[in-house]
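Where a number appears in this text, it was derived from the coordinates with a stated rule and is not lab data. Here the structure is a predicted model, which means the values were calculated and not measured. Glycine also receives a Cβ, built like all others from the backbone with ideal geometry; neighbour counts cover every protein chain displayed.
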């Protein structure tokens, strides 16, 4: 049998990495019934990766300091080549991701896909939804303009209205009694390190469970 | 598609590859421009600076150190950078001067004058230059840079803060 160089290279890699097994195991799975509503999970994953990529590129210029945050974003928007594009995608992608994740949850709820044996997939999904909202909350402060400043003032004040623990929660969120450089820095840390790391781990678990159980069939009249 | 039918599976594969490719290129190419943007900006030359007065430099052959600061806008911030050098009188003629930069031509550390060895020495890799900026020892590939200068009637020395190479 004749084989090209590329086929030989692929065969060599496949023998060692098991690429064919990976393909059949991960991607070539049976689908119950083609439906665009079933693609929202993949869409969420795509948006997570897009937000991750554009976010990483934004940190090349963004500075999380009250003295420089606003100016550095003005610089990204007005002076850096395609800065408007990178931040534009990150800005609109954020809103879009919250929407897509939420509609994904609605679809799973409506089709009853959270039932046995997929309860854990649902619970992890709840965690993913909350963390996506957390990303939106922490990212909103980073431009450090009036809207960001007062939105965070109000939101942390709401968190502070919890009985007994309120004052502690407010101080823990703000890094002190007032919004300050500490607030901006800890929101930044949460936004680029803690939440994304937790999100990535939970996405891994979510995907593992989807591959393990397969996608749920739609309920019929018997159900 | 008369001889070869394009089946559904291949059509999906093809359209996915094409749209995926367009999206990757649509983001990938601007990202390169975004990252290298600061490297494509032109470095603006600083304005001439007064660095000393010839009447304060009485000894011939002695390097008199000077320093100056240039403020540039880098990104969203003004950055002040310090530079320095040495003025050496070669003769009684107040215009017969050597104005050397203190930036070592090896890897840009700052050289200092050592009176005992009569040489500019670099603290980083032990390079030595003579009073005229020529390499005596060590790794530098070329002599110390010079500044173009003007001496006014009252003795004030003005330099253009751009290093020029020897010769």
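Structure summary
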item: Structure-based [θ]222 nm, chain B - -39500 (n - 2.57) summed over DSSP H runs of at least 4, per residue, nearest 500; result: -6500 deg cm²/dmol
item: Quotient of C-alpha Rg and 2.2 N^0.38 Å, computed over segment A:35-213; result: 1.13
item: Unit Cα scatterers, Debye sum, segment B:10-49: log10 I(q)/I(0) for q = 0.22, 0.26, 0.29, 0.33 Å⁻¹; result: -0.75, -0.84, -0.91, -0.99
item: 20 Å-binned pair-distance histogram of the protein assembly as shown (Cα, whole percent); result: 19, 33, 28, 17, 4, 0
item: Helix-only CD estimate at 222 nm, as mean residue ellipticity for chain A, using -39500 (n - 2.57) per DSSP H run (n ≥ 4); result: -21500 deg cm²/dmol
item: Where labels lie 7 Å past Cα in the beta-carbon direction, separation of residue B:18 and residue B:6 in nm; result: 0.6
item: Backbone N under 12 Å from the residue B:40 label point (7 Å along Cα→Cβ), restricted to segment A:80-107; result: A:80-83
item: Spin-label proximity, residue A:155 to segment A:22-58 - amide N less than 18 Å from point 7 Å beyond Cα toward beta carbon; result: A:48, A:51-52, A:55
item: Sites residue B:79 and residue A:49 - FRET efficiency at Förster radius 30 Å, r taken between beta-carbons, to 0.05; result: 0.25
item: Degrees, to the nearest 10: A:83-110 long Cα axis against longest axis of chain A; result: 60
item: Three-way shape call for segment B:49-159 based on the alpha-carbon gyration tensor, with the a/c threshold at 1.5; result: oblate
item: Paramagnetic reach from residue A:71 (point 7 Å along Cα→Cβ, amide N under 11 Å) across segment B:54-85; result: B:73-80
item: Nearest-ten-degree value, helix B:8-36 long axis tilted from longest Cα axis of chain B; result: 10
item: Volume in Å³ per residue [convex hull over Cα atoms, computed for segment A:152-223]; result: 163
item: Between 0 and 90°, nearest 10: helix A:40-58 axis offset from chain A longest Cα axis; result: 50
item: Other protein chain Cβ atoms within 10 Å, averaged over every residue that makes up B:24-31; result: 3
